[in-house]
Amino acid sequence: MTLKSALLASAIALTPMAAMAELTIGFSQIGSESGWRAAETTVTKQESERRGINLKFADAQQKQENQIKALRTFIAQGVDAILIAPVVATGWDEVLEEAKDSDIPVILLDRTVDAPDELYLTAVTSDLVHEGKVAGEWLATEMAGDDCRIVELQGTTGSSPAIDRKNGFEQGIAGHDNLEIVRSQTGDFTRSLGKTVMESFLKAEGGENICALYAHNDDMAVGAIQAIKEAGLAPGVDIKIVAIDAVPDAHLAIANGEMNATIELTPNMAGPALDALEAYLANGAVPPKWIQTESKLFTTADDNAAIYEVKKGLGY
Ligand code: AHR
């Protein structure tokens, strides 16, 4: 298998098209806080177009209230189904019940909610706890028993990836007394806050006292890399960096020796979601409650320069 075909299969490969009468689907997207989010939006639009689906897109600008409004608008319009990437985990029961009462199936993309299972058709997500655990285990192996003071950039407060990736990382480093998280703060999944919060970590701790950064996404890691450089330190060397997403800029940073590892989150949540939806609408096939996407670890052992080029070429 060539590198390009492997990446196509694992990263943003488009799933086989199912024949279907034209559907109208509402998609409530969180916003565009990260490169990964922008890629997910692009793939969802492409997948819908390829299948002849009329996609109504609503950008919530990071606000749950905007997502709830968008869902109510979709319900009033009588869409065939709703896709939603929920910005936070709680507060969805009422609007999901409204969708259910209107017989509109809802599919969650990339994040989970704290709501009864019967209120949505399925959730297409990675194992968010596992991603954090892989990051923690990677760092534990990398440090090989050496003492390491870790700083953590969390994702959006109250979002399922921020909660689960934090828990997972703590599981990954559990039992390694040489590893200690000394600072942990939200960077809201954005590059700019990743930089600002890392600056405050460096100031508070002193750069020489920080051994590693764990960021809940690559964008925050890339922002932090800038802060580390401006502090006169070498990211990836003086401070080890592991994050999640495997967006092109993270592969480039690893290729340049400025970052050490990232865990891939495919932006193609829409492919499996629309496959499940089309089967459900066509013949009532009920999908599993959780359609899990893969999580693959990339390190300096991979050909990150080549992967960067391929992913860039795929329109990430
Ligand atoms: O929910 C997935 C997370 O949200 C991605 O890791 C992050 O980049 C995004 O903003």
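The values are calculated or read from the model by the stated rules, or taken from the named source; none is laboratory data. Keep in mind it's a predicted model, so treat the numbers as computed, not measured. When we count neighbours, we look across all protein chains shown, and the Cβ atoms used for this are built from the backbone with ideal geometry, even at glycine.
Within segment 134-153, the set of residues being assigned to a strand (DSSP E or B) and either within 12 Å of G168 (Cβ to Cβ) or away from the ligand (no atom under 12 Å from the Cβ) (or both) comprises C148, R149, I150, V151, E152. The number of residues in segment 187-227 that are within 16 Å of the ligand (Cβ to nearest atom) and of a type in the set (S, T, Y) comes to 3. Give the residues of segment 246-283 that are more than 16 Å from the ligand (Cβ to nearest atom) and in a loop (DSSP other than H, G, I, E, B), sorted by residue number. Hits for segment 246-283 are N256, G257, E258, N260. For segment 261-290, how many residues meet the condition of being over 18 Å from V247 (Cα atoms), in contact with a helix residue (DSSP H, G or I) (Cβ under 7 Å, 6 or more places away or on another chain) and either outside the structural domain of Q46 (by TED's automatic domain parsing) or crowded, with 20+ Cβ neighbours inside 10 Å (or both)? Looking only at that region, the number is 2.
Scan segment 158-172 for residues that are out of contact with any helix residue (DSSP H, G or I) (no Cβ under 6 Å at 6 or more places or on another chain) and without any contact (Cβ under 8 Å) to a residue 40 or more places away in the chain and the total you get is 1. With A144, A135, A140 as the choices, which residue is free of Cβ contacts under 8 Å to residues at least 12 places away in the same chain, over 30 Å from L71 (Cα atoms) and not assigned by TED's automatic domain parsing to the domain that holds Q67? Selected residue: A144, the only one of A144, A135, A140 that is free of Cβ contacts under 8 Å to residues at least 12 places away in the same chain, over 30 Å from L71 (Cα atoms) and not assigned by TED's automatic domain parsing to the domain that holds Q67.
If you go through segment 218-245 and keep only what is more than 22 Å from M143 (Cβ to Cβ) and part of a loop (DSSP other than H, G, I, E, B), you end up with just G232. Within segment 28-76, restricting attention to residues that are surrounded by fewer than 20 Cβ atoms within 10 Å (Cβ to Cβ) and among the acidic types (D, E), the residue that is farthest from the chain's Cα centre (by Cα) is E49. Between G155, G91, G136, the distinction of being of a type in the set (G, A, S) and within 19 Å of S34 (Cβ to Cβ) belongs to G155 only.
Checking D245, D249 one by one, the residue that is under 19 Å from the mean Cα position of the chain (by Cα) and surrounded by fewer than 24 Cβ atoms within 10 Å (Cβ to Cβ) is D249 and no other.
Annotation note: of S200, S184, the sole residue that is surrounded by fewer than 20 Cβ atoms within 10 Å (Cβ to Cβ), touching a Leu at 6+ places or on another chain (Cβ under 9 Å) and free of Cβ contacts under 8 Å to residues at least 40 places away in the same chain is S184. The number of residues in segment 106-133 that are buried (at least 22 other Cβ atoms within 10 Å of the Cβ), under 30 Å from E205 (Cβ atoms) and either within 13 Å of the ligand (Cβ to nearest atom) or of a type outside the set (D, E, K, R) (or both) comes to 3. V237 falls short of the stated requirement of being away from the ligand (no atom under 16 Å from the Cβ) and assigned by TED's automatic domain parsing to the domain that holds V106.
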